[in-house]
Amino acid sequence: MNLKIKKKKLTNIKKIIKKYYNENKNILKKLKIYVNISGRITSIRKMKKNVFLNIQNIEGNIQILLNEKNTIKYKIIIKNIKLGNILNIKGKVFKTKTNELTIKCQKIKILVKTSLLLPNKFNMLKNKEIKYRKRYLDLITNIKTRKTFITRIKIISLIRKFLTKKNFLEVETPMLQLIPGGANAQPFKTYHNKLNINMYLRISPELYLKQLIIGGFTKIFELNKNFRNEGISPYHNPEFSMIEIYKAYSNYKNMMKLTENIITYLIKSLKKKQIINYGKFKINLNTPYKKISMKKAIYNHSNYFTNLHDLDDEHKLKIIAKKLNICTTKPTGKIIYNIFKLTTEKKLIQPTFITKYPIEISPLAKKNKNNHHLTDRFELFIGGIEIVNGFTELNHSKEQEKRFKQQIKYNKKNFFNKDYIKSLKYGLPPTAGLGLGIDRLVMLLTNNIFIKDVIFFPTLKKNN
């Protein structure tokens, strides 16, 4: 058999499908479009003297026709191919009698033979344990998983693109830290043998990023991993992706606007609708988003308070806290926050900025000028989960030192960072920042309600 194949061939399955899926079969016959593609066999069907394969790669899935008339070394190939093999196919695009876009294979090469059979895709879809432990099998058998992670990759790339266009500079700060800080969380502890010191995986890059603002940078961001040695839930993984953004000569209101702009940009770039499905909810991402104080949100969404002023009555607060099994020996602001988490947070389905956070739970945020018990801080909730946390930064060294000491008094796992206090004495310009949870944002924009479904390799218990 002496088949001449043109040197210039299409090599992208997605482009082949996009360009010729709706093309007339007679026109395809005249065009003589040659292709050179590689992928994994996902199905084999024998029909009389023809063998139909489906091969897939990250670009897509397409049907291949093998027969003795057109395919070189047909009989040898048929004896050796099996499900899961990775092939290289050279041939011509055409449409079958049923009008399915297909490649008539002329040359075929087995690039890799599999030694294990692929699992049944329906069992894979049901078995979450296998999906998470053997993500490579999940990616082979589950198109939804592939689409989720392609979207995740695009989201990260688009956020970088958006911020770079706004003249933000991407920076890097240490993962290993002598003193973990920037968030109220339990760190992972390690040990440096050469230096003979304890070190910690970072819980947040915040304090380092603000030192860069002190050093003269005005618009920066870091997109990287944080680590928190705490529980695992549908919304929490010990290792997670976060982007932190800081802008000098700015405030928390500017950060709320920036948050809206980022999400709007993603929706448009991903060609999604403004109203999206998330679990059982339909969420409207049209801006502006609702803005409401924490106390007013509690009053609106819980049945424990007869009027808004009850939230300023410490005695009444403690009565409600006892009913909810909340510790009443903590500062008032922490009691209010815990009531909010138990009664209100899950009810914030449509995009909502919660503002005016108690000072006791916001040690790095600037005081509100009208009420010194509150801070210029916000969190954005969508679908009942927190997506973004941001605030106007506290830039007064003595006040920051006082706040750190108060944190240590009420929460022994907090660490006092003397170096950060000293850096503030050189002057942090008026600055605002935000932290956006990448994993949770991907959950929202891909309609996944478990964080493990948007992390390639989530943290799991040891497999015995």
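Assuming a ≥ b ≥ c are the square roots of the Cα gyration tensor eigenvalues, decide whether segment 1-119 counts as rounded (a/c under 1.5), prolate (otherwise, with a/b larger than b/c) or oblate.
Values: a/c = 1.56, a/b = 1.34, b/c = 1.16.
In terms of gyration-tensor shape, prolate.
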Contact order normalised by residue count of the chain, Cα under 8 Å, 6+ apart, percent = 13 percent
Working out 0.36 nm times the residue gap between I197 and K128, then minus their Cα-Cα distance, what length gain in nm do you get to one decimal?
-> 20.8 nm
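Please tell me the relative contact order of segment 60-157 in percent, rounded to the nearest whole number, where contacts are Cα pairs under 8 Å and at least six residues apart.
Details: 111 pairs, mean separation 22.4, N = 98.
RCO, segment 60-157: 23 percent.
Based on the Cβ-Cβ distance of E170 and E23, what FRET efficiency does E = 1/(1 + (r/R0)^6) give at R0 = 45 Å, to the nearest 0.05? Please list the in-between numbers first.
On the way: r = 43 Å, r/R0 = 0.96.
The value I calculate is 0.55.
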Treating the angle as unsigned and between 0 and 90°, give the value, to the nearest 10°, between the Cα long axis of helix 332-343 and the longest Cα principal axis of the chain.
-> 30 degrees
Just the projected area, averaged over all directions, of the convex hull on the alpha carbon atoms of segment 228-316: how many nm²?
-> 9.9 nm²
If one takes the longest principal axis of the Cα atoms in the chain, at what angle in degrees, from 0 to 90 and to the nearest 10, does the Cα axis of helix 143-165 lie?
-> 60 degrees
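Would you calculate a helix-derived [θ] at 222 nm for the chain, using -39,500 (n - 2.57) for each DSSP H run of n ≥ 4 and dividing by the full residue count, to the nearest 500? Don't skip to the end; give the middle numbers.
Details: 15 runs with 151 residues, N = 464.
So the helix-based figure for the chain works out to -9500 deg cm²/dmol.
Quickly rank 109-120, 192-203 as a protection proxy: mean count of other C-beta atoms within 10 Å, highest first.
Working: 109-120: 11.5, 192-203: 13.6.
Ranking, from highest mean packing down: 192-203, 109-120.
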The chain: angle of helix 252-269 to the longest principal axis, Cα-based, in degrees nearest 10 = 10 degrees
Which entry in [x] 4, 16, 23, 21, 15, 10, 8, 4, 0, 0; [y] 4, 14, 17, 18, 18, 16, 9, 3, 1, 0; [z] 4, 16, 17, 13, 9, 7, 8, 9, 9, 6, 2, 0 matches P(r) over Cα pairs in 10 Å bins from 0, in percent derived from the coordinates of this structure?
-> [x]
Using a Förster distance of 30 Å, how high is the FRET efficiency between N447 and E59, based on the Cβ-Cβ distance and rounded to 0.05?
-> 0.85
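In debye to the nearest 20, how big a dipole does the chain give about its Cα centre with +1 on each Lys and Arg Cβ and -1 on each Asp and Glu Cβ? Mind showing how you got there, number by number?
Working: 95 positive and 29 negative charges, 723 e Å.
The dipole of the chain has a size of about 3480 debye.
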One finds, for R45 and N371 with R0 = 45 angstrom and r their Cβ-Cβ distance, a FRET efficiency to the nearest 0.05 of 0.05
Listed residue pairs exceeding 27 Å between alpha carbons, taken from K90/K128; K165/K271; K280/K318; K194/K452 | K90/K128; K280/K318; K194/K452
DSSP-assigned coil residues among trypsin sites (Lys or Arg not before Pro) in segment 76-105, each with at most 13 further Cβ atoms within 10 Å | K82, K97
Reach of K189 by Cα under 18 Å, taken over lysines that are not fewer than 8 positions away in the same chain = K225, K412, K413
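No lab work stands behind these numbers, since they all come straight from the coordinates. What you see is a predicted model, and the numbers here were worked out from it, not measured in a lab. Note that each Cβ is placed from the backbone with ideal geometry, even for glycine, and that neighbours are counted across all protein chains shown.
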